[in-house]
1. Give the separation of the Cα centroids, segment B:1-72 to segment A:189-217, in Å.
2. Using a label position 7 Å from Cα in the Cα→Cβ direction, what is the ascending list of nm distances from residue A:190 to the same site in the other copies?
3. Considering every Cα-Cα pair within the protein assembly as shown, what fraction, in whole percent, is farther apart than 35 Å?
4. Evaluate peptide A:222-231: per residue, the Cβ atoms of other protein chains within 10 Å of its Cβ; return the mean as an integer.
5. Rank these for me by crowding, A:117, A:277, going from fewest to most other beta carbons within 10 Å.
6. Between A:216, A:147, A:283, where does the largest GNM mean-square fluctuation fall for chain A, given springs only between Cα atoms within less than 10 Å?
7. Calculate the tail of P(r) for segment B:232-316: the fraction of all Cα-Cα distances greater than 19 Å, expressed in %.
8. Calculate the length of the line joining the C-alpha centroid of segment A:244-316 to that of segment B:100-153, in whole Å.
């Protein structure tokens, strides 16, 4: 069951909050709320209390802060610095918007970002280290204590430029999130099972490979679980799907025992539900507007897609 | 349970039997048994009696005929014509052998092939129309009667050159097998759910989209089922995976009620098991050598990969 649980544990997220400019062949969304921490927080806050650590400039619109506050996202770790907010401009092409080109990245206040956790955030039981420099992700780990479930994301840039940093990171987290290309790139293994084993060998209990329209796979030491992608007829903006996925994943784990395989498996499906919502509109619009009924319906669809035995007659 | 069932119904297959020449960066298999009907028959004959309709030349090696006979494949519909057997030469590249180039196709005796069913084949309850010209697939349908489950495969060439023939075919079969590119090409729909609905609108009860390493999806009118791909560490030769898949699929259906959704869903998993075996070695070697234990073990792995709730502890 989706919905914020009374006993759901708080989740700390550290990552980017941005103003995005996204184009497709058909549409253009200028100056919209973006950044991994934004997508993650709005998704995860449907399930559990969220604590955000990030930085924005003085130009960051009040309406976005209001949106976070409406979802009770704790902004005590959100630094507001003189200067402009991190800006990212990208263009998608292809009939399924499968090709992305980053046109411009303006780091702005993000250039000097160092995560600084308020004291009250240090004991966060769940932690999501969104895609930022491994060194900054490691700085976060110096500040937390006794976290039960730490997950991290990354990107091809850090695999190329700071592999030692990533290796240090992977030795200290419970869960590594990657896409298929990153898993192959990091491991040098062409096929996912061996690639996942290579990452698991650093110590994480869980490796999750995100594959967009092909769903996502959970690898643990000796098992794998395939979470199907929600069948969609429209994709308007793929931005943020992976972070929304992580939000659904950790969101569900926050209300249950993240050490149990069935809980992890169900969390994968919630991840795919939130990812599917993210891509149906620009920016965080669909996640911000999603209701429990809609999430539960999509979860039911995904469960039906992996149900082997039932008593209903075929097709027609 | 895999294994040929006492009551499994016979399956008719019509398609190519070939001599293949396959290269990868590392290996070369010259003059090996190939062709859709070969892969299909050897896979399906693990489950049910198979009746083959095809053509070979007088150069076709006796050892391949022996292999078919050892599996009790009924060769009464196999024409042996003066001339050379159909030959196909291809090269795979890419770290996962994901790129294929056909170097040469020699139709030889296949050029004048017209399927001619022995009388005893006409009442075959299950039929697989492997990838050949739609006109020939339709010729087969003129010769069968009261088949309970007719499935057809195709390729991009016929979508480009004989769309009307394919449309006629799709109005007369129960199950259409395609890969994702073909589904998009045929329907003009970029996303699979809409593409599958477009194909279903011609009349088949079932559309199956084969996606190689991403598994396969079963679409019926209002449901979808995702059959995960077997996690593999090695792919030596992707040739024939789709036909071996079809052999596992129809093989399981031959021993059960193909009108029931749970039966179709389980058949999808058997399809993926046989497809996974096919790619682990050149030609039909792995399918020809596979045992029931191995098939059952792989089926268990795939079922575990879509099992949501169980009581085992996570990873470690």
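1. Using only Cα atoms to place each centre, the spacing works out to 35 Å.
2. Copy-to-copy label distances for residue A:190: 3.0 nm.
3. Across the protein assembly as shown, Cα pairs with separations above 35 Å total 43 percent.
4. Per residue, the number of nearby Cβ atoms from other chains is 6 on average.
5. A:117, A:277
6. For chain A, modelled as a Gaussian network with Cα springs under 10 Å, the answer is A:147.
7. For segment B:232-316, the share of Cα pairs beyond 19 Å comes to 43 percent.
8. 42 Å
Throughout, read-outs are computed from the coordinates displayed, never taken from laboratory work. These figures come from a predicted structure and were not determined experimentally. Every residue, glycine among them, receives a Cβ derived from its backbone with ideal geometry; neighbour counts consider all protein chains shown.
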